[in-house]
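The values are calculated or read from the model by the stated rules, or taken from the named source; none is laboratory data. Source: prediction; values computed, not measured. Backbone-built Cβ (ideal geometry, glycine too); neighbour counts: all protein chains shown.
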Amino acid sequence: MPLHQNDRPDADVCVIIAAKDAGATIARAVASALAERRVAEIVVVDDGSRDDATEKAARSADDGSGRLRVVRLPENRGPAHARNVAIENSTAPYLAILDADDFFLPGRFDAMLDGEDWDFVADDILFVDERLAANVLEAPVIEGEPRFVGFTEFVDGNISRKGAERGEIGFLKPVMCRAFLDRHGLRYNASLRLGEDFDLYARALAHGARYKVVRHCGYGAIVRADSLSGRHRTLDLKRLYEADRHILDSMTLGRREEDALRAHERHIRGRYELRHFLDRKSEAGLVRAGLGLLARPSAIPAVVSGVASDKMEAARRGRNGPFVREIEPPRTLFSGRVAAQK
C-alpha cells in the first residue's frame with residue numbers, strides 16, 4: 001500500500017507544475033515527482049487548458065499516496081500566476097518547479113538537499129530531444145564541488161552572446177526555501193510570461209539569497225521544436241526589460257550588480273526593439289516601420305544588427321538546403337557531455 005505523505009518523515013518538498021494543454025506529457029512529469037521519496041506534495045495548476053485532457057492525464061498518474069492535488073483555473077493567466085497559486089495551496093518547506101513536459105531523474109532530491117547553507121539550490125539539467133523522450137535515461141555522473149552563484153554571475157549568465165552555445169544559468173530549476181521567500185515577501189511577477197524565473201531569482205539574490213549549484217544532474221528538460229520560449233510575444237519582451245528597470249529603481253544594488261542588470265536590460269530591450277520593428281513592418285509596411293524607427297534613434301543599432309543577423313542566418317540555411325532539426329544526443333547544461341542511456 002502506498003505511503004501517505006504523513007508517513008514519510010523526510011518528505012519536505014512541494015513540486016509545483018503549471019500546465020496548459022499538456023495532456024500528452026504531464027502524466028510522465030507527475031509520475032517522476034511521485035517517485036521521489038522527498039516529495040511531500042505535488043500541486044498541479046491547470047492554467048486554463050482548453051479541454052480536460054491535462055487534468056485527466058495528471059490524475060491518471062496518481063499513486064494513491066494522497067500527495068497529488070490538481071487546481072484548475074477558469075482562464076489562462078500564465079505560468080507566474082499559476083505558480084503563485086500553487087505556492088499558496090501548499091505547505092512543504094521547500095518548493096521545486098517542474099515544467100509539464102519535463103521530468104525528474106531518479107533520486108534528484110536525495111543528491112540536492114544536503115546541508116543548510118542555501119536558500120536556493122540547483123543541479124545540472126539534462127536536455128533531451130522530444131523524439132528520445134520515451135527512452136529510459138539515467139543521470140550522467142558529474143564530478144566537482146558545489147559552488148555559489150552571486151547576483152552578477154547569475155544576471156550575466158542570462159545574456160545570450162553570438163557565437164556561444166546557450167548555457168544560461170536561468171535555465172536551472174532550483175529548489176527554493178519557502179521561509180526565505182516569505183521573509184522577503186517574494187513571489188513570481190504575475191505580469192510576466194517570459195523570464196518570470198529570472199526575475200524572481202534576481203530579486204531573491206538582491207535580497208542576499210544563497211544560491212548553491214551542486215554537481216549533480218537530476219532534472220530532465222525536453223527540447224521541442226515549438227518550445228514556448230520560442231513563441232513569446234513582443235509585449236513579453238517589453239515587460240521583462242521593464243521588470244529589470246523596476247529592480248534597478250526599487251532595490252539597493254552595488255555598482256557591479258547595477259552594471260550587470262543594466263546590461264541585461266539593454267539586451268532584452270534590443271530584442272524587443274527588433275521584434276517591435278518587424279511587427280510594425282508586417283502591419284504597416286517597410287516605409288512606415290522605417291520612419292517610426294527614425295523617431296527612436298536609440299533603437300536603430302539593435303534593429304540594424306538584428307535584421308542583419310537574421311538575413312545571414314536565412315542565407316546560411318538557404319545554402320544548406322531545407323532546415324531539418326537533427327536528433328541530438330542528450331547533453332547537460334554546464335558540461336555539454338553526452339549522457340549515457342540505458
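Miscellaneous remarks
- Scanning the stretch 143-169 for residues that are of a type in the set (A, V, I, L, M) and at pLDDT 75 or above yields V149, V155, I159, I169.
- Residues that are more than 15 Å from the chain's Cα centre (by Cα) and of a type in the set (G, A, S), drawn from the stretch 67-120: A86, S90, A92, G107, A111, G115
- Given (1) in the same structural domain as A18 (by TED's automatic domain parsing); (2) modelled with pLDDT under 95; (3) part of a helix (DSSP H, G or I), index of the condition R193 fails: (3)
- Look at (1) closer than 30 Å to A29 by Cβ; (2) at pLDDT below 90; (3) surrounded by 12 or more Cβ atoms within 10 Å (Cβ to Cβ); (4) not charged (D, E, K, R) and you find that G290 fails only one, number (1).
- Helices (runs of 4 or more DSSP H) fully within the stretch 225-300 counting 2 or more residues that are of a type in the set (F, W, Y): 255-284
Every residue, every condition in (1) assigned to a helix (DSSP H, G or I); (2) modelled with pLDDT of 95 or more; (3) in contact with a Phe, Trp or Tyr (Cβ under 7 Å, 6 or more places away or on another chain); (4) assigned by TED's automatic domain parsing to the domain that holds R193, yes or no:
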{"site": "D10", "(1), (2), (3), (4)": "no, no, no, yes"}
{"site": "A18", "(1), (2), (3), (4)": "no, yes, no, yes"}
{"site": "A24", "(1), (2), (3), (4)": "no, no, no, yes"}
{"site": "A27", "(1), (2), (3), (4)": "yes, yes, no, yes"}
{"site": "S32", "(1), (2), (3), (4)": "yes, yes, yes, yes"}
{"site": "A40", "(1), (2), (3), (4)": "no, yes, no, yes"}
{"site": "V43", "(1), (2), (3), (4)": "no, yes, no, yes"}
{"site": "D46", "(1), (2), (3), (4)": "no, yes, no, yes"}
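- Candidate set from the stretch 51-85 (those that are aliphatic (A, V, I, L, M) and touching a residue at least 60 places away in the same chain (Cβ under 8 Å)); member that is farthest from R37 (Cα to Cα): A80
- Single match in A57, A80, A96 (criterion: in a helix (DSSP H, G or I), closer than 24 Å to D123 by Cβ and at pLDDT 95 or above): A80
- Residue count, the stretch 249-263 (criterion: farther than 13 Å from L205 by Cα and not small (G, A, S)): 5
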